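Remarks on the structure that follows.
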Amino acid sequence: MKVIHISTDDSGGGAARAAYRIHRALMGNGIDSLMRVLHRGTADDSVLVGTPPPTTERLTKALHRRWLLHTHRGWHTDNPILHTFGQIGAGLVDELNTSDADVLNLHWISGMLSVKDIGRLRKPIVWTLHDMWAFCGGEHYASDNTTARFRNGYHIGNRPPGERGSDLNRHTWEAKRRAWARQHFTIVSPSRWLAACAQQSVLFSEAAVHVIPNPLDTGKTWRTIPRKVARVALCLPPDKKLILMGAYGGVDDSRKGGDLLRYTVARVAAQQFGDVELIIYGQGKPTHDETWPCPVHWLGVVRDDRVLALAYSAADVMVVPSRQDNLPNTAVEAQACGTPVVSFNIGGLPDIVAHRETGWLAKAFDTEDLAEGILWVLSDKNRWDKLSRLAREKAVERFSPDVVAKQYGRVYEEVLSSKANFPNKAK
């Protein structure tokens, strides 16, 4: 069995890192796996980037992008999350269709495969969802409620009030429905929440949907490191209670809840005056004046897993204040390093955090409850030791590469056994 993973890159964000980890987990379990990317950040020979296109092709694509920007003028949305309208591809359809792959495993493919390209693929497709884009319009994350457009179809009458100009999300969704009408997908979701959204969507209502978490190397990189050692390595204070928050984009990403973090830490600092400090990775120290309720250590953008493992191990607690999230790597990585996680009870976080066993699940967007969880974790040394031990044990049990690779192997075998890859009921 040969699998090609298609991902825009292999290291430039949470989705890319998850895709690469899946690829390496499969290789480690005897599955012939390659990764095809547009931008390679690793030195791994099993990750292929292809040859640069000729000058004329690059110029044609540049002109096409400028034309698309022109057609998008006047479009506005109050949804600050990334939108991708799927009109740009990298010309990979023939390469993928003529490859010797038995299965194509799609991941985050913005700029790599257009909506039409995906409809033209002629090999069995497994699509690992890292956000909601595959079954939405252009939104990578959209409102999740009973009136959500992905559940009811994108109609003129259900456009969100915060949008104006051409309804690009509806046009994109309709383009997907047309281009994929004869395409058969097998969906893998890292979380139960995103799997339910996919199953309830118009586009994937007839697809097989499986829940398989993203893997993590819990043997070498992601392990417990003595707290004193980690703090010395990162020049962090040895005698403070350290709260860690990390996200690509740091606290400026509203979906990741940076504003909610500020309110939460203020409540904690008020009860632990002078004893609590905050660590933030994913962005450097802001250049403008910014007041926080306690001292903040800004680690900047961290791409080295060894440094991240030190940060998790140095912290007393990891807080994930996201408003929407699939299966955030940050929470999984923290638990693998034995650090309890406190988060809101939303999205895929309940798949990671066991309330009062490995951390705390607060009521959605209730910063008082989130602060209570942090204080609960910090207040008892014996309790912390138990939380840390169970967090590590559950991470090894659920997210180890061998565990995840076997689940993917079963999905691939099921897809191939169906020959024509006809859809069947969700599982």
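The values are calculated or read from the model by the stated rules, or taken from the named source; none is laboratory data. No experiment lies behind these values; they were computed from the predicted model shown. When we count neighbours, we look across all protein chains shown, and the Cβ atoms used for this are built from the backbone with ideal geometry, even at glycine.
Quick notes on this one:
- Within region 186-208, the set of residues being of a type in the set (A, V, I, L, M) and farther than 22 Å from residue 332 by Cα comprises 198, 202, 203, 207, 208.
- Helices (runs of 4 or more DSSP H) contained entirely in region 1-114, each with at least 3 residues that are aliphatic (A, V, I, L, M) and modelled with pLDDT of 90 or more: 14-28
- Among the candidates 77, 186, 84, residue that is under 27 Å from residue 37 (Cα atoms), out of contact with any strand residue (DSSP E or B) (no Cβ under 6 Å at 6 or more places or on another chain) and of a type in the set (Val, Ile, Thr): 84
- Among the residues of this structure, residue 306 counts as one that is within 24 Å of residue 239 (Cα to Cα), touching a residue at least 60 places away in the same chain (Cβ under 8 Å) and surrounded by fewer than 21 Cβ atoms within 10 Å (Cβ to Cβ).
- Enumeration of residues in region 4-30 that are buried (at least 23 other Cβ atoms within 10 Å of the Cβ) and farther than 12 Å from residue 214 by Cβ: 5, 6, 7, 9, 10, 26
- Looking only at region 232-271, and only at residues there that are of a type in the set (Ser, Thr, Tyr) and under 23 Å from the mean Cα position of the chain (by Cα), the one that is surrounded by the fewest Cβ atoms within 10 Å (Cβ to Cβ): 254
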